[in-house]
Every structure is written in structure tokens, then in C-alpha cells.
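The values are calculated or read from the model by the stated rules, or taken from the named source; none is laboratory data. Quick caveat: nothing in here was measured; it's all calculated off a predicted structure. Cβ placement follows ideal geometry from the backbone for every residue including glycine, while neighbour counts extend to all protein chains displayed. The area values use the complete protein model at the heavy-atom level, side chains included, leaving out ligands, DNA and RNA. Shrake-Rupley method; radii C 1.70, N 1.55, O 1.52, S 1.80 Å.
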Amino acid sequence: MTVRIGMIGPGGMGQAHIERIHTVIAGGRVVAVSDVDPARAAEVAERIGGVSHLTSAELIASPDVDAVMICSFGPAHEVDVLACIAAGKPVFCEKPLTPTAEAALRIMEAEQAVGRRLVTVGFMRRFDASYREMKDLLDSGELGETLMVHCAHRNPTVPEMYTWDMAINDTAIHEVDTMRWLLGEEFVSVRVDTPKKTSLRFPHLQDPLVLILTSTSGVRVDDEIFVNCQFGYDIRCEAVAERGAVSLSDQELTSVRREHTAGNKITRDHNDRFRGAFVTEVQEWISGVARGEHTGSTSWDGYAAACVCDAGVKALTELGEVAVEMIERPAFYA
Ligand code: ISE
């Protein structure tokens, strides 16, 4: 069976997904697209030999679409995810599921009302080979209890439309989700430290910043977010446990020695760094849809990450430690 996918918002991320679905991933095909810019939808549809719809509602309702991928701007996600749930269609929604926890709660309620897990959230780091190896080692218990995790998330630059809160709810949200998954725990509080600002980008941003997260068992995670670091897309993570420490390895497989230097390349962006993770993530989703099974992160994961980010955004404006407010996990998402 070929899963016929409708894509909403085929911008940079969406087109990268189309490319991998049509070249390296098996069992799916993007057959329809819609976009706020109808000219872009028409252009992408023509390129892939698909259909362009004038609205996302029309695409979701189409009998020729089995499952939907949402790659539009975060604030536009809720209405389309709810329409997919109402239509009973599996939906892969890029992160963030919604920009606020309140909106994610509405999605969870709708999904529970239909009684079937339909929503997968695009948290691709869970599919990255190095993070998976790190998790296997920590879960094995060989190193004892995890005590601290040091993370860094550096982007070369961001555009001017990147608002001050996005450092947390668009960028740090990756570590929030990955650390929840790695530790198997929720976070109870967030603090944001604000170091000296870089002079190399827009003054409206607090860049860099450091998030300090505390988990239910007291594990301390520090996360440096530096979105104008200039030199590359640099993702670092080291978990420190009672009997050892484990970190992500270098991002490129080879190291070159020449002209009195030795080193490896640093990736340029998330598509470059997480290429393999994206392929595994989307392949597992398509194969799951074909088998009628849910795979990947759930709406609960989208909600829980949004709760932590809401607290982080508050901590950035209020300074000091902010408690994470979260409902109890419904049995439906156990
Ligand atoms: C972007 O939306 C992503 O998801 C990237 O992975 C992240 O590095 C970047 O900061 C975000 O803006």
C-alpha cells in the first residue's frame, strides 16, 4: 500500500520532507499540497505531479488523501490538527504542536474524544542514532543514576522575524522534548540565565541564554541556546551519571588533519545535522500509518513540551525559578 499524503505548508521543512519521501523513504507519496501562498502550492504540486488545494480544510477532506503532514507556521497548527482528528486521518505535525499548552490541551481532548491516537509530533531528535545510543546506555543502568545533563543548541544565525520568545518555544523545545524522553521524567521548574548579549545580531533578542531545568527526581539540565553563534549548527549534549558520563560524538564521521590543524566539519543546519533522524522518523510514521498504528511522539509530548516552554518564556521575563504547570498524564497517553 502507498500512503497518499497531503502536505500543508510546503516551505523549507516541508519540501525537505517531500524530497526524502520521494527518494529514500518507502511506502508513501505526497499527492496533494496547500499553502497560505497558493502560487507556492501550485508550483510544488506541479513539480511533484500532485494536486494543489486552495485551503487546508479542502486538502484534509479530500478522499484522495490518507494522511496529512503539517509543516506550516506553529500558530496555524491547531485548526488543521483538529480538522484531521475530526476526519479520522493520521497527522504528522511539525514541532511545536502548538505555541501554547492551552491549545495543545484542546488537541488532546479532541483526540481522546475520538478514542484513537492520530497525532504524531515531529520531534526528530528521538530518532537520531547518537541520542538513541546515549539513551540505551543510560537506560541500561551501567553508569548508575543520571545526575546532570549539559546541552548546547547553537544556530549560525536566525532571521529578523525570529521573536524573543522563539529561543525557548521554537529552539529550546527540542532539548525539552529530548531530555523528557532521555530521562523518562517530566520537568518541574525552569529558570533562565541571561549572559552578555552578542553584538552580532538583532538587539530584540536575548542571545545567548541558558535554561536551567529541574526534573521530578532532581536531575539538573542546563541548555545553552545561542542562535547567532556564526560558526555553524552545533548540537552538544553530555549526561553525567554516578559512575560515568556519556556525550554525543562529533557531528561528522571523519576528522581531517592538515596544515597544522586537525578537526571535523560542523553541520550547517538541522536538515544537515539530523538528516538520518528525519528519514527514520518519517519512515516509521509512514510504515505505522500503513499498518494502522500510531508511532512517534504523541499530543501529550507536544503538550508537556509546551508547558515547560510556557514556564521558560515566563522565566525569561520575570527572572527567577518558575514552576511548570501541567495536568496529570491521561491514561490514554500512558
Ligand atoms: C528551527 O525551527 C528548528 O526546528 C531547528 O532545529 C532549530 O535549531 C532552530 O533553532 C529552530 O528555529
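Given 0.36 nm per residue, what is the gain on full extension from I212 to D269 after removing their alpha carbon distance, in nm?
That works out to 18.1 nm of additional length.
Could you order R116, R201 by accessible surface area, starting with the largest, using a probe radius of 1.4 Å?
The ranking, largest first, comes out as R116, R201.
Give the accessible surface of the chain per residue, rounded to a whole number of Å², with probe radius 1.4 Å and ligands, DNA and RNA excluded.
Spelled out: the 1.4 Å probe surface of the chain, per residue, equals 45 Å².
Let's test this: bin the Cα-Cα distances of the stretch 255-334 at 5 Å from zero up to the farthest pair and state each bin's percent.
3, 11, 12, 11, 13, 14, 14, 9, 8, 5, 2, 1
Please work out the FRET efficiency for the pair W164 and V256, using the Cβ-Cβ distance as r and a Förster radius of 41 Å; give the result to the nearest 0.05.
0.60
Work out, step by step, the length gained on full extension between S247 and E284: first 0.36 nm times the residue separation, then minus their alpha carbon distance; give nm to one decimal.
10.8 nm
FRET efficiency for S189 and A61, Cβ-Cβ distance as r, R0 = 56 Å, nearest 0.05?
Computed FRET efficiency for S189 and A61 comes out at 0.85.
Counting only DSSP beta bridges with both residues in the chain, tell me the antiparallel percent, nearest 5.
55 percent
What are the lysines whose alpha-carbon lies under 30 Å from the alpha-carbon of K196, with same-chain residues fewer than 8 places away excluded?
Hits, sequence-local ones excluded: K95, K265, K314.
For A87 and V114 in the same chain, what is the full-extension length gain: residue separation times 0.36 nm, less their Cα-Cα distance, in nm?
The span from A87 to V114 would gain 8.7 nm if fully extended.
Tell me the Kirkwood hydrodynamic radius of the stretch 189-231 in angstroms, computed as one over the mean inverse distance between distinct C-alpha pairs.
Evaluated over the stretch 189-231, this radius sits at 11.4 Å.
Computed on alpha carbon atoms, what radius of gyration and Dmax characterise the stretch 1-101, expressed in Å?
Every Cα atom of the stretch 1-101 included, Rg and Dmax give 12.3, 38 Å.
Cα-Cα pairs above 24 Å in the stretch 52-198: how many percent?
Tail of P(r) above 24 Å: 46 percent of Cα pairs.
May I ask for the Rg/Rh ratio of the stretch 176-276, computed from Cα atoms with Rh as the Kirkwood radius, given to two decimals?
1.01
Relative to the compact-globule scaling 2.2 N^0.38 Å, provide the ratio for the alpha-carbon radius of gyration of the stretch 199-255.
The stretch 199-255 yields a ratio of 1.46.
Roughly what % of Cα-Cα distances in the chain sit above 36 Å, to the whole percent?
19 percent
Roughly speaking, to the nearest percent, how much of the stretch 42-145's 1.4 Å accessible area is carbon and sulfur?
About 54 percent, which is the carbon plus sulfur part of the accessible surface.
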